[in-house]
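The values are calculated or read from the model by the stated rules, or taken from the named source; none is laboratory data. Not measured: the values here are computed from a predicted model. All Cβ positions, glycine included, derive from the backbone under ideal geometry; neighbour counts span all protein chains shown. Heads up: the accessible areas ignore ligands, DNA and RNA and are worked out on the full protein's heavy atoms, side chains in. Shrake-Rupley method; radii C 1.70, N 1.55, O 1.52, S 1.80 Å.
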Amino acid sequence: GLGDVYKRQEVESIETIVSSIFAIISGEKGEEGNWELMRSVFHPEARLMTGYQDELKVFSVEDYITTFRESFYNMTFYEKDVKNKIERFGNLAHVLSTYQAFKTKEMNRPVRTGVASIQLYHDGERWWVLSMYWKNETEDAQVPEVYLPE
């Protein structure tokens, strides 16, 4: 089935999971986000959080899909991880992932840069994303150079 394909590819390593997170919401205007991929990468109990305009917003996976499905469908948007710092202890992993957003598939000039803190759990068979908190760069808070690609 579909889940088996994802199990083999997108969830086989922490790196592929992180890249998958950003691929889920990337695409051309008129294309649906890859919500099945999202459901296979994020644990059913996962939480997605953002400090949007200094107000914390917390979403379950299904809340996130319901809230953002239409806006991603109505725009061309590509986001990718450009630098990851992975820390691991047994079945616990943490990734500090720097991402950049682009208005075209060519991805030459980012329109936005930010950092995501991603917590993962290995259940004995595969990695799951348990939580993700992200913050976009602002004029007042620039992403530190240490987190940017060389």
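Assorted remarks:
- Selection within region 99-129: residues that are more than 14 Å from Ser20 (Cα to Cα) and of a type in the set (Ser, Thr, Tyr). The member of this set that is nearest to the chain's Cα centre (by Cα) is Ser117.
- Glu106 in a strand (DSSP E or B) and open to solvent by 80 Å² or more (accessible area, probe 1.4 Å): no
- Leading residue by the ranking (surrounded by the fewest Cβ atoms within 10 Å (Cβ to Cβ)) among those in region 40-67 that are touching a residue at least 24 places away in the same chain (Cβ under 8 Å) and over 29 Å from Glu106 (Cα atoms): Glu45
- Residue selection: Glu70 satisfies the criterion of being part of a helix (DSSP H, G or I), over 14 Å from Met132 (Cα atoms) and either open to solvent by 80 Å² or more (accessible area, probe 1.4 Å) or touching a residue at least 40 places away in the same chain (Cβ under 8 Å) (or both).
- Residues of region 113-150 that are among the charged types (D, E, K, R) and surrounded by fewer than 14 Cβ atoms within 10 Å (Cβ to Cβ): Asp123, Glu125, Glu139, Asp140, Glu145, Glu150.
- Among the residues of this structure, Ser97 does not count as one that is of a type outside the set (A, V, I, L, M, F, W, C), in a strand (DSSP E or B), without any contact (Cβ under 8 Å) to a residue 24 or more places away in the chain and surrounded by 14 or more Cβ atoms within 10 Å (Cβ to Cβ).
- Within this structure, Glu79 fails the test of being farther than 16 Å from Ser20 by Cβ, part of a strand (DSSP E or B) and not basic (Lys, Arg).
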